[in-house]
Amino acid sequence: MRTGIERLTENLSLTLVGKTEAIRLVLVALLTGGHALLEDVPGVGKTLLAKSLARSIDGKFQRIQCTPDLLPSDITGTNIWNQSKAEFEFLPGPVFANVVLADEINRATPRTQSALLEVMEERQVTVDGVSRQVPHPFFVIATQNPIEYQGTFPLPEAQMDRFTISLSLGYPSEAEELQMLQRIKGGITVEELKPCISLEEVLELRRLCSNIKLETSLQQYIITLVRATREHEEITLGVSPRGTVALQKATQALAFLLDRDYAIPDDVKFLAPYVLSHRLIPSGGRRSNTIVERLLKEVAIP
């Protein structure tokens, strides 16, 4: 399993230049059984990351380009009349895949966003009263542009809470951008990537992550940190209990990725801005990341 993790990280690094931290965070989301939200400007490699991950785990990849006219059935699938069989036949939507990229999710209407919400949480689709399970593992990478808000529908807090991690890939450095240009001629493309881990191994890795040890003092640290967001004067809405669970699972996954069978406070401190910031609502136009960083300095480390 350790070899598989190393191969997976190396595989993703073949197509993504200088994104070691982002790759690690996306793998944390994958291994917790959650989902990832990428809030970034266009053209920094969000689609490339999703496609590379799907190829690396030998999974099925589907992309949903969210627009205001996108219907819930365009995501979940619909029943169509099969004239030759004289019966309705279910036509699966793009969520029936292992890795789903929901591009510019905040451009979809609230009705369509809620259709995706059920799949993300319940791992199933209900059409005409019939529930169908999506493939396992099931991992959603959603993107949204933090700059352009015209014609968008902000994600409700209930849906933001469904994402284990929110991160930004950011622009590459000058050296990384040069390396990216040099790879265009001789580098490897997504289509040339070879699977380095199976879907069954991904499920096994998730099970192993859940066995990572957390001391009671570290769990108390997580709870104190989360509860501080609910009592802070600069926060209108604090982190939910689902966020507490997500931070613990993410901490276990990070420890596993770093080749440890136990978690430490530094794991929590590293992950807290990515796991907690998008789950709270700051007051007075303040930045949630800044508040979380301040809380990390104020809350005593065990």
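The values are calculated or read from the model by the stated rules, or taken from the named source; none is laboratory data. Source: prediction; values computed, not measured. Every residue, glycine among them, receives a Cβ derived from its backbone with ideal geometry; neighbour counts consider all protein chains shown. Side chains included, ligands, DNA and RNA excluded: accessible areas come from the protein's heavy atoms. Shrake-Rupley method; radii C 1.70, N 1.55, O 1.52, S 1.80 Å.
Packing-based ranking of 105-111, 218-224, 47-53 yields 47-53, 105-111, 218-224, ordered from highest to lowest mean Cβ neighbour count within 10 Å. The distance from the alpha carbon centre of the stretch 96-118 to that of the stretch 149-164 is 10 Å, rounded to a whole number. Given a Förster distance of 35 angstrom, what is the FRET efficiency for Ala300 paired with Thr236, based on the Cβ-Cβ distance and rounded to 0.05? Once the sixth-power term is evaluated, E becomes 0.90.
Among 96-102, 178-184, the peptide with the highest mean count of other Cβ atoms within 10 Å heads the list, and the full ranking is 96-102, 178-184. Run the accessible area of the stretch 82-187 with a 1.4 Å probe and give the carbon-and-sulfur part as a rounded percent. After summing per-atom areas, the C and S share lands at 53 percent.
Compute the FRET efficiency between Val130 and Ile223 as 1/(1 + (r/R0)^6), taking r as their Cβ-Cβ distance and R0 = 35 Å, and round to the nearest 0.05. Don't jump to the answer; show the numbers that get you there.
On the way: r = 40 Å, r/R0 = 1.15.
Working from the Cβ atoms, E equals 0.30.
Given their separation in residues at 0.36 nm each and the Cα-Cα distance between them, Ser84 and Ile147 gain 17.7 nm when the chain is fully extended.
For the chain, a simple Cβ point-charge model (Lys and Arg +1, Asp and Glu -1, everything else neutral) yields a dipole of about 280 debye relative to the Cα centre. First measure r as the distance between the Cβ atoms of Leu258 and Leu203, then evaluate 1/(1 + (r/R0)^6) with R0 = 22 Å and state the FRET efficiency to the nearest 0.05. It comes out at approximately 0.60. Here the extension length gained between Val245 and Arg2 equals 85.0 nm, from 0.36 nm per residue of separation less the Cα-Cα distance. Measuring how big the stretch 65-160 is from its alpha-carbon positions, Rg and Dmax come out at 14.4, 50 Å.
Give a quick list of chymotrypsin sites (Phe, Trp or Tyr not before Pro) in the stretch 23-92 that DSSP marks as loop, anything other than H, G, I, E or B, with at most 14 other Cβ atoms within 10 Å. In loop regions of the stretch 23-92 (DSSP not H, G, I, E or B), there are no sparsely surrounded chymotrypsin sites (Phe, Trp or Tyr not before Pro).
For the stretch 15-66, report the convex hull volume of the alpha-carbon atoms normalised per residue, in Å³, without decimals.
Once divided by residue count, the hull of the stretch 15-66 is 97 Å³.
How far is the Cα center of the stretch 18-79 from the Cα center of the stretch 218-268, in Å? The stretch 18-79 and the stretch 218-268 have Cα centres separated by 24 Å.
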